[in-house]
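Accompanying notes for the structure given below.
We did not get these values from a lab; they are worked out from the coordinates using the rules stated. As the structure is a computational prediction, the values presented were derived from the model and not from experiment. Cβ placement follows ideal geometry from the backbone for every residue including glycine, while neighbour counts extend to all protein chains displayed.
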Amino acid sequence: MRVDALVAEIGSTTTVVNVFTNLRSGTPRFLGQGVSETTVLEGDVNRGLKAAIADAEKTLGSSFTWDEMFATSSAAGGLRMTVHGLVYDMTVRAAREAALGSGAVLVGITAGKLTEEDLSSIREAAPKMVLVAGGVDYGEKETALFNVKKLLPLLDDIPLVYAGNVENQREIGRLATDAGVEVRFAENVYPSIDQLNVLPTRQAVQEVFEKHIVHAPGMASIRELVDGPIMPTPGAVMAAAELVYDLFGDTIVFDVGGATTDVHSVTEGSEEMRKIQTAPEPFAKRTVEGDLGVFINRRHVLDAMRDDERKKRFGEKEDELFAIGPIPQSESDIRLVEALAANCLEIALTRHAGRLEERFLPGGRIYTAVGRDLTSIKAIVGTGGPLSRLPSRGKLLADLRRPAGGKFLYPPEDAAVFIDRDYIMASLGVLAVRYPEAASSLLRETLTKGE
């Protein structure tokens, strides 16, 4: 059998292969899926990929060949980046939003001029890309130049992305060339006061990532197999979240995995909250909780719970959690993983959502909105292994809604809940690069009401 495309999602614990056909017609089809454990720890992710393809053939009842292959990956730590800017609440924050939106895992953030202690921490963090920002356009120049000069001796074959004051580009280009370091320029992430411009940097980071697929053993050979883009999996989910926005309006997507829990929101927030907001927020925002996962980081999830809630949810069965593999099998295992996933969702939402703060001024008491306003959300979407497969996935997401009037700016009670039934959102985010209409059509099909 001949199909149009395979999309491989190489995660920290599992590798998934999705099979698609009719992408060039008006009736695209998702044919099926294969799953295997990721084999990065065995030294080569290709083994897990081949096993996932074999599983897909078993599911479809036929061997197949394909015209194109695409891929996403978050194996072996994903896209590890450090971010360096001038003022934490301004250029650093903007650069951080751009890096997270591209799918990066941030392993270091600094504000101001780098110190020797900062440089030592960067060496230990071993990033695979470095992002430098700083200064509005035609404003402060010195800090970004200082930081680039300090970083260049550390970089060697690590690419540098510069998204700061445009006046520095010529000199930074010369310095990077003299040092033999690859540099990619993007528009300033913070070109003027209270203005975020994160999309060009997101795109630049993903393009550099695409060029430097060296983040897991065996990825070099996968690069040879793949015809289209390889994206960081969170970046692909973000692209799919933007497609959901086009379909249903303001959107929040939860992606619970074995190692992390990612939250993507695409919204401008309510007009009411924009009037009292203390700082600008990007239209598309991602937060990643590296301590919240249902397999690799399950111990951290338990430690984050209150003792009474922990006892209520797990009782005497807590030790059984650590005997569960990447894919739970028994009903008892599934219930335990559901309890873990619920806690991942609750903590991740609290960290992603903004809040109302009360302030007292000479003229009286006022309220300000700090952080992400989710009160206009129309669609709550669950993706990733647990939220695509667990029996109570719809209820877990529905429980995240809150009535209006609380301190936290949570999704409202009337937000619709959708499940990525086929677990293909990340794949569709990649497919959208070449087949946007097919990706949108397939997304509408896979999103099923979860209540």
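With both partners inside the chain, how many of the DSSP beta bridges are antiparallel, as a percent to the nearest 5? Show your work: numbers first, answer last.
Numbers: 38 of 78 bridges.
Just about 50 percent of them are antiparallel.
In whole percent, what relative contact order does the chain give with Cα contacts below 8 Å and a gap of six or more residues? Write down the numbers at each step before the final one.
Details: 1013 pairs, mean separation 64.1, N = 451.
Computed value for the chain: 14 percent relative contact order.
Using the structure shown, list the pairs from LYS128/LYS285; LYS285/LYS378; LYS58/LYS449; LYS211/LYS378 with a Cα-Cα distance above 25 Å, or answer none.
Flagged as over cut-off: LYS58/LYS449; LYS211/LYS378.
Compute, for the stretch 79-211, the length of the dipole vector about the Cα centre, with Cβ point charges of +1 (Lys, Arg) and -1 (Asp, Glu) only. Units Debye, rounded to 20. Write out the running numbers ahead of the final one.
Numbers: 14 positive and 19 negative charges, 37 e Å.
Taking the Cα centre of the stretch 79-211 as origin, the dipole is about 180 debye.
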As straight-line cross-link partners of LYS317, the qualifying lysines (C-alpha separation under 30 Å, not fewer than 8 residues apart within one chain) are LYS395
Please report, ordered by residue number, every helix of the chain (full DSSP H runs) that is 27 Å or longer along its axis going by C-alpha atoms and whose mean Kyte-Doolittle hydropathy reaches -0.5. 331-352
Can you tell me which of 53-63, 339-349 comes out highest on packing, and rank the rest after it, using the mean Cβ neighbours within 10 Å? 339-349, 53-63
Proximal aspartates and glutamates relative to LYS150, as straight alpha-carbon distance under 20 Å, when same-chain residues fewer than 8 apart are discounted: GLU116, GLU117, ASP118, GLU124, GLU140, GLU142, GLU167, GLU171, ASP178, GLU182
Value of [θ]222 nm, deg cm²/dmol, for the chain, DSSP H segments ≥ 4, -39500 (n - 2.57) each, nearest 500: -11000 deg cm²/dmol
Using the Cα centre as the reference, give the magnitude of the dipole from point charges on the C-beta atoms of the chain (Lys, Arg: +1; Asp, Glu: -1; all else neutral), rounded to the nearest 20 debye. 380 debye
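If each residue of separation counts as 0.36 nm, what is the full-extension length gain between ILE193 and GLU413 once their alpha-carbon separation is subtracted? List each step's numbers first, then the result.
Values: separation 220, 0.36 × 220 = 79.20 nm, distance 3.50 nm.
That works out to 75.7 nm of additional length.
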Cα→Cβ-extended label distance, 7 Å offset, between GLU320 and LYS58, nm: 2.6 nm
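Could you order the peptides 432-441, 409-418 from most to least packed, using the average number of other C-beta atoms within 10 Å per residue? It would help to have the intermediate numbers written out before the result.
On the way: 432-441: 18.2, 409-418: 20.3.
Answer by packing, highest mean first, reads 409-418, 432-441.
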Which one of PRO191, SER332, ASN18 has its Cα pushed farthest toward the positive end of the charge dipole of the chain, where Lys and Arg give +1 and Asp and Glu give -1 at the Cβ? SER332
Enclosed volume per residue, in Å³, of the convex hull spanned by Cα atoms of the stretch 334-424: 94 Å³
Counting only other residues whose beta carbon sits under 10 Å from that of HIS264, what net charge do I get with K and R as +1, D and E as -1? -1
What FRET efficiency comes out for LYS149 versus LEU225 if R0 is 45 angstrom and r is the Cβ-Cβ distance? Round to the nearest 0.05. 0.70
Would you kindly state how much longer the chain becomes between ARG434 and GLU357 on full extension, computed as 0.36 nm times their sequence separation minus their alpha carbon distance, in nm to one decimal? 23.3 nm
Once fully extended, how much extra length lies between SER330 and GLN203, figured as 0.36 nm per residue of separation less the alpha-carbon to alpha-carbon distance? 41.5 nm
How many nm is it between the label spots at ASP67 and LYS395, if each spot is 7 Å from the Cα in line with the beta carbon? 4.4 nm
For GLU116 paired with GLU445, estimate the spin-label separation in nm (one decimal), with each label point 7 Å from Cα along the Cα-to-Cβ line. 6.2 nm
